[in-house]
């Protein structure tokens, strides 16, 4: 079992998922993640259209995942994703999870999500390459949050 | 094996041992063949449950093939338990397929060979070709009646290389193929961020090794293996290997190099190819071993 990341460092919406998966069996974890993947919807055309800009491409992600952030009036963000590799099921699950748990959350919470949350959620069995790609997606989301925080401080 | 000799799609590619490869068409015709067990092995653990070839079972490279504690593969009892779970006997033809151009399928195939299960083949093009052709997929997990499988002890002598053997291999200046990315080969990339447990303290390659990234053996469009002529152009034309060479292939942990092992052994018919599964995560962390950049 993966030792869950301290909930204090994870937004409560995400911490709840981490907590649930930390006590799940391997089969339950798979089933849960598959439910997330099944809800995946690619970025709407009003946010981005192909060819997607490389600036939005998740580093190290071989599932060719892209992420975008759309500003909300309250200063928080809505996150959208594209996963161009149809075999990138984990990337799709992670995209939905990130979108559902981090959209609308305070930016400093988004920025505080630690990379080890990937292993907390996907388990220690996740391969190096796969884990790296999933962390790359998280990095991209955090980058968008960081940009807004820096801009706000300069304003 | 029944049907293999008539798989014309494979025959025309000119491989030395075409019986270890089947086409997606052959597989579609044998989904109900009781002598065949279709086995999916992927990097992404969610792929099989998300949909797989009807009747296929799942073998997870980490959970099913690796020892849960020490860095090694399962022992005989573990293989027998796995074989029982997936319902095979020594007479069953195991047909492997998976994602990433069959990288993990070849890895599983290689581990099965450590236990002498020679009735085995890989689906040319693997999962991506099957999907692109619009062939059926299902989420139904087949109900498998457990079998009784008596396996021999794992044989690490023929197709597996250990550190000291590789050191001797290097000293004798025998051929070695580094199948990692060019950046890993040159040492530009030493460890993966956030993955210190799979990182290495030193970058570079084993002195004398030649760089041939594993994926060059596959056609990127459909994941199929390149033809024998194309493979010979790479491994013999560019690197200078010959079929009688004693070759060691390695990567980071021995998975990508199992793909190259498969190519050299079966598709080109090399007589002595070993996979160094300790690979760079062992070599690059070992005190005092020579490294070239």
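Readers should treat all values here as calculations from the given coordinates under stated rules, not as data from a laboratory. No experiment lies behind these values; they were computed from the predicted model shown. A quick note on method: Cβ atoms are made from the backbone with ideal geometry, for glycine too, and the neighbour counts reach across all protein chains shown.
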Normalise the Debye intensity by I(0) for the stretch B:106-157, one equal point scatterer per Cα, no solvent, then take log10 at q = 0.17, 0.18, 0.19 Å⁻¹ and round to two decimals. -0.81, -0.86, -0.91
Nearest 5 is fine: what % of DSSP beta bridges in chain B come out antiparallel, could you say? 15 percent
Using just the Cα positions, wrap the stretch B:180-293 in a convex hull and report its mean projected area in square nanometres, one decimal place. 7.4 nm²
Sort B:123, B:179, B:69 so that the residue with the fewest other Cβ atoms within 10 Å of its own Cβ comes first and the one with the most comes last. B:69, B:123, B:179
Candidates B:278, B:14, B:208, ranked by Gaussian network fluctuation over chain B, Cα under 10 Å, top entry: B:14
Orientation-averaged projected area, Cα convex hull of the stretch B:228-293 (nm²): 4.8 nm²
Roughly how many nanometres apart are two label points built 7 Å out from the Cα toward the Cβ at residue A:71 and residue A:49? 2.3 nm
Which percentage, to the nearest 5, of the DSSP beta bridges contained in the protein assembly as shown is antiparallel? 35 percent
Looking at chain B as a GNM with Cα springs under 10 Å, which of B:42, B:101, B:219 has the largest mean-square fluctuation? B:219
Take the stretch A:23-122, compute every pairwise Cα distance, and split them into 5 Å bins from 0; I just need the percent in each bin. 2, 12, 21, 24, 21, 13, 5, 2, 0
The stretch B:83-224: spread of alpha-carbon positions along the three principal axes, whole Å, largest first, is 48, 39, 29
Per residue, the convex hull enclosing the Cα atoms of chain B spans a volume in Å³ of 129 Å³
Please rank B:170, A:137, B:137, fewest neighbouring Cβ atoms within 10 Å first, as an exposure proxy. B:137, B:170, A:137
Viscosity 0.692 mPa s, temperature 37 °C: Stokes-Einstein D of the protein assembly as shown from its Kirkwood Cα radius, in µm² per second? 142 µm²/s
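Just the number, please: Stokes-Einstein D of the stretch B:127-180 in µm²/s, Kirkwood Rh from C-alpha pairs, 25 °C, 0.890 mPa s.
For the chosen part, D equals 147 µm²/s.
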In degrees between 0 and 90, to the nearest 10, how far off the longest principal axis of chain B does helix B:103-114 point, with axes built from Cα atoms? 90 degrees
Can you sort A:43, A:70 from fewest to most other Cβ atoms within 10 Å of each residue's own Cβ? A:70, A:43
Taking the Cα atoms only, what angle lies between the long axis of helix B:76-85 and the longest principal axis of chain B, rounded to 10 degrees? 30 degrees
Using only the Cα atoms, what convex hull volume per residue in Å³ does the stretch A:83-155 have? 93 Å³
Can you tell me which of B:204, B:125, B:240 moves the most in a GNM of chain B? Springs connect C-alpha atoms under 10 Å apart. B:240
Calculated diffusion of the stretch B:1-104, Stokes-Einstein form, Kirkwood radius summed over Cα pairs, 4 °C and 1.567 mPa s, µm²/s: 86 µm²/s
Beta bridge orientation in the stretch B:3-158: antiparallel %, DSSP, nearest 5: 15 percent
